[in-house]
Each structure stands twice: as C-alpha cells, then as structure tokens.
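Written below as structure tokens is the structure these notes are about.
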Amino acid sequence: HWKQFTEKFRSLLQRHGSELDPHKLEVLLALADSNSEGRICYQDFVNLMSNKRSNSFRQAILQGNRRLCSKALLEETGLSLSQRLIRHVAYETLPREIDRKWYYDSYTCCPPPWFMITITIVEVAFFLYNGVVLDRYVLQVSHPLYLKNALLYHPQLRAQAWRYLTYIFMHAGIEHLGLNVVLQLLVGVPLEMVHGAARISFVYIAGVVAGSLAVSVADMTAPVVGSSGGVYALVSAHLANIVMNWSGMKCQFKLLRMAVALICMSFEFGRAVWLRFHPSAYPPCPHPSFMAHLGGVMVGITLGVIILRNYEQRLQDQTLWWIFLSIYVIFVLFAIFWNIFAYSLLDLKLPPPP
C-alpha cells in the first residue's frame, strides 16, 4: 500500500514537472500514517511544500516516525562544506530525525545568526574601550573609575531603567568576558541558526532582565555587570533540553561535552562568588553580585526549555509556555514594586552613588 502510494505520488509530481524532496516525502508518509485512513489534508500538503509547519506536524512526528525507513541524515555522503555545517548544527540542537531533516532542507542562512554575533561584537568593543580608558584589562572592576560608567547596574541608580539591560556590556575583566563570549558563540549561534533570532533573543534578554532584577531583590546593596544572565539562560536551556531528550540527541561525546560545559559554568560562577565577597577596592560598595547567574539559569530551565523543545511549533499552543511566561511576568512585576518600595521600607544603608 505504501509503495503504491509513494510511486503514484512520485509519478503525479513528475507528470506536472515537479520534484519531491526525499525528506519531504518522509514527512508526507508520517503525516499520512498519523491519519487512520492514510490521508493527507490539503492544508498540510500546502504547508509542507511551502516550508510551513503546523500542529499536525507535531502529531505526525509523534505517531508516524516508524514509517521513516530511508537512511539517516548523518549517513548521507557527497555534501558540501556548508551542507555538512548545517547537518552538524541540526545534530547538535535537535533530538528528532524528522526535525533535523526538515531543518536541513529548509535552512537558507537568510537571515544569518545576527543577534548573537552582534551582541558579542558590541560587548567586546565596550570592553576594549574601557580597557583603553582605564588602562586595565584584568579585573577592571577593581579600578576606582569603573563604577562611574553609565551602563552598569548600581543600587543607588536603580531608577535609571536602562541599567537593568545595559549592564551586559560591562565585564569585570577579560577573564569574565572571555568565558561568556566563548559560551555565547559556541551555544548561542547554533541555537539561533535553528530557532531564529526572535526566540533566542527573547531567552537571552529575559535572562538578562531576570538577572539584574534578581540582584535588586536578593543582593540589594551590590552592583551587577556582565552578560552571564543571558549566557546562563541559553546554556541552561540547551543542557536541560539535551538531558530531557538524551536518547534522541545524537551529538558526539555529549556526556563529556556536558561535563565540560558544567565545569566551565561552575568555574565562572565560583569566580563571581569569590569576587563578590572579596574585599572591595572601593568600600563601602561591594564587588558585583553573582545572583544574575542564578536568574539566568531559572529563565533557561523554564521559558528556555519550552522554546527549544518546540522547534517550529506555535508557542501559544503550549500550556507550559503560558504557565512559565506568567510566572516570569509576575516575578518582573514583583521586582519592580520591590525596587520602588522595599528599599525605603527596609531602611537599607546603600553604598554612595559613584
């Protein structure tokens, strides 16, 4: 039955001068197999041929994968360098073969992963500029003029709302910037290639904002610098997605690479904790807080995981998406009111403004 269906469908397409991509044929078979009568509705066919996906594709992936009988994408030969790169990214980020083939067929590198690359370039540019101005590249945060920068978050200047976001362009030193940039590029760029700039930038910026707000709530006297909130949101989401789809993820040496990523994150977090409690170079203001790291992790394992698990699917159809998004909005509103009222009610002794 399936062989007759396939041959008839191929002959119809050839008769009308079209060619059916073999990977799309597999999706068609999976869609038909998900229907009790072996039929494909017209809209699903149109969506498939126009590279649009709907919830019916999710049904096909769950119910029809057993019909995928051709060789895996990893076994295909004669690929160009760019095709091998796209295939590598697919296996690094997607747990289902049908999703990997869909991504491989539809990815055009237009637009390129501009968000992560742009953010990285701007962060490095600001760091180099500060290095020239302060004449220091290691532990810039210990320079007496460091806190006078208009970008970092300072508790005395929390009414300047842009600081809750722009603090990512200030780093404690080259040791801080270096690890963030490496993780940002190695994890963020492939994720943006697969999931798009809109989704990945949302996770990144949500982690950044959650990080600064977490500092303003849990470490109220400390400033905060660095892009760790956004970086930890992306890396935590990616690692959690790998663990939750362990058998489906086919990236090489995944256990070793997860261990290396966790060691790097732990090293950076340990550096931040040590710096926070190290005697300050400009008392009574303490060194930058480490709470932004934890805020980023919480965003990553909630909103981030939902986004990475739903490749090309409508987030608004996912119940968990609305639950986690509501929790995030409630936290943001709580933190805003906390910043407005709690500092005066608790009568905290804040460090003087820079």
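The values are calculated or read from the model by the stated rules, or taken from the named source; none is laboratory data. Since the model is a prediction, treat every value here as computed from it, not as a measurement. Here Cβ is always computed from backbone atoms with ideal geometry, including for glycine, and neighbour counts include all displayed protein chains. We work out accessible area using only protein heavy atoms, side chains counted, and drop any ligands, DNA or RNA first. Shrake-Rupley method; radii C 1.70, N 1.55, O 1.52, S 1.80 Å.
Given (1) exposed (fewer than 15 other Cβ atoms within 10 Å of the Cβ); (2) at pLDDT below 80; (3) not polar (S, T, N, Q), identify the lone condition not met by Pro112.
(2)
Quick check on the range 136-149. Is at least one of its residues free of Cβ contacts under 8 Å to residues at least 40 places away in the same chain, open to solvent by 20 Å² or more (accessible area, probe 1.4 Å), touching a Leu at 6+ places or on another chain (Cβ under 7 Å) and not in a loop (DSSP other than H, G, I, E, B)?
no
I'd like the full set of residues that are open to solvent by 20 Å² or more (accessible area, probe 1.4 Å), of a type in the set (Phe, Trp, Tyr) and assigned to a helix (DSSP H, G or I), limited to the range 160-185.
Passing the criteria: Tyr164, Phe169.
Show the residue pairs meeting these rules: Cβ distance below 9 Å; 6+ apart or different chains; first residue within the range 318-335 and closer than 14 Å to Met298 by Cβ and open to solvent by less than 80 Å² (accessible area, probe 1.4 Å); second residue at pLDDT 95 or above and not in a helix (DSSP H, G or I).
That search, which allows pairs on different chains as well, returns nothing.
In the range 213-243, what count of residues is obtained for those that are among the aliphatic types (A, V, I, L, M), touching a helix residue (DSSP H, G or I) at 6+ places or on another chain (Cβ under 7 Å) and farther than 15 Å from Tyr164 by Cα?
Of the residues in the range 213-243, the ones among the aliphatic types (A, V, I, L, M) are 213-215, 217-218, 220, 222, 224-225, 231, 233-235, 237, 239-240, 242-243.
Imposing the further condition that a residue be touching a helix residue (DSSP H, G or I) at 6+ places or on another chain (Cβ under 7 Å) reduces the set to 213-215, 217-218, 220, 222, 224-225, 231, 233-235, 237, 239-240, 242.
Now restrict to residues that are farther than 15 Å from Tyr164 by Cα: 231, 233-235, 237, 239-240, 242.
Of the residues in that region, 8 qualify.
Restricting to the range 195-206, name every residue that is aliphatic (A, V, I, L, M) and surrounded by fewer than 20 Cβ atoms within 10 Å (Cβ to Cβ).
Filtering the range 195-206 down to residues aliphatic (A, V, I, L, M) leaves 197-198, 200, 203, 205-206.
If the condition is that a residue be aliphatic (A, V, I, L, M) and surrounded by fewer than 20 Cβ atoms within 10 Å (Cβ to Cβ), then Ala197, Ala198, Ile205 are the ones that fit.
May I ask you to list the residues in the range 296-312 that are within 11 Å of the chain's Cα centre (by Cα) and of a type outside the set (A, V, I, L, M, F, W, C)?
Gly296, Gly300, Gly304
Would you check which residues across the range 81-106 are modelled with pLDDT of 85 or more and in a loop (DSSP other than H, G, I, E, B) and list them?
Hits for the range 81-106 are Leu94, Pro95.
Has the range 130-145 got any residue that is under 24 Å from the mean Cα position of the chain (by Cα) and modelled with pLDDT of 90 or more? Steps first, please.
To start, the set of residues in the range 130-145 that are under 24 Å from the mean Cα position of the chain (by Cα) comprises none.
No.
For the subset of the range 343-354 comprising residues that are free of Cβ contacts under 8 Å to residues at least 24 places away in the same chain and assigned to a helix (DSSP H, G or I), which member is most open to solvent (accessible area, probe 1.4 Å)?
Among those that are free of Cβ contacts under 8 Å to residues at least 24 places away in the same chain and assigned to a helix (DSSP H, G or I), it is Leu345.
Which condition from (1) touching a residue at least 60 places away in the same chain (Cβ under 8 Å); (2) crowded, with 20+ Cβ neighbours inside 10 Å is the one that Phe127 breaks?
Looking at each condition in turn, Phe127 falls short on (1).
So Ile121 fits all but one of (1) at pLDDT 90 or above; (2) surrounded by 12 or more Cβ atoms within 10 Å (Cβ to Cβ); (3) within 25 Å of Asn180 (Cβ to Cβ); what number is the exception?
Unmet for Ile121, out of (1) at pLDDT 90 or above; (2) surrounded by 12 or more Cβ atoms within 10 Å (Cβ to Cβ); (3) within 25 Å of Asn180 (Cβ to Cβ): (2).
Could you go through the range 247-265 and let me know if any residue there is within 17 Å of Leu177 (Cα to Cα), among the small types (Gly, Ala, Ser) and over 17 Å from the mean Cα position of the chain (by Cα).
Keep residues of the range 247-265 that are within 17 Å of Leu177 (Cα to Cα), which gives 261, 263-265.
Those still in the list that are among the small types (Gly, Ala, Ser) too: 261.
Within this subset, residues satisfying the condition of being over 17 Å from the mean Cα position of the chain (by Cα) are none.
No, the range 247-265 contains no residue that is within 17 Å of Leu177 (Cα to Cα), among the small types (Gly, Ala, Ser) and over 17 Å from the mean Cα position of the chain (by Cα).
So, in the range 207-252, of the ones that are β-branched (Val, Ile, Thr) and over 16 Å from Gly296 (Cα atoms), which residue ends up least open to solvent (accessible area, probe 1.4 Å)? Don't jump to the end; show me each part of the working.
The initial filter retains those residues of the range 207-252 that are β-branched (Val, Ile, Thr), namely 208-209, 215, 217, 221, 224-225, 231, 235, 242-243.
Then drop every residue that is not over 16 Å from Gly296 (Cα atoms), which leaves 221, 242-243.
On the way: Thr221: 40, Ile242: 9, Val243: 84 Å².
Within the range 207-252, the match that is least open to solvent (accessible area, probe 1.4 Å) is Ile242.
Restricting to the range 304-317, count the residues that are surrounded by fewer than 16 Cβ atoms within 10 Å (Cβ to Cβ) and not acidic (Asp, Glu). If you could, list the steps in order and put the result at the bottom.
Going residue by residue through the range 304-317, those that are surrounded by fewer than 16 Cβ atoms within 10 Å (Cβ to Cβ) are 314-317.
Those left that are additionally not acidic (Asp, Glu): 314-316.
Looking only at that region, the number is 3.
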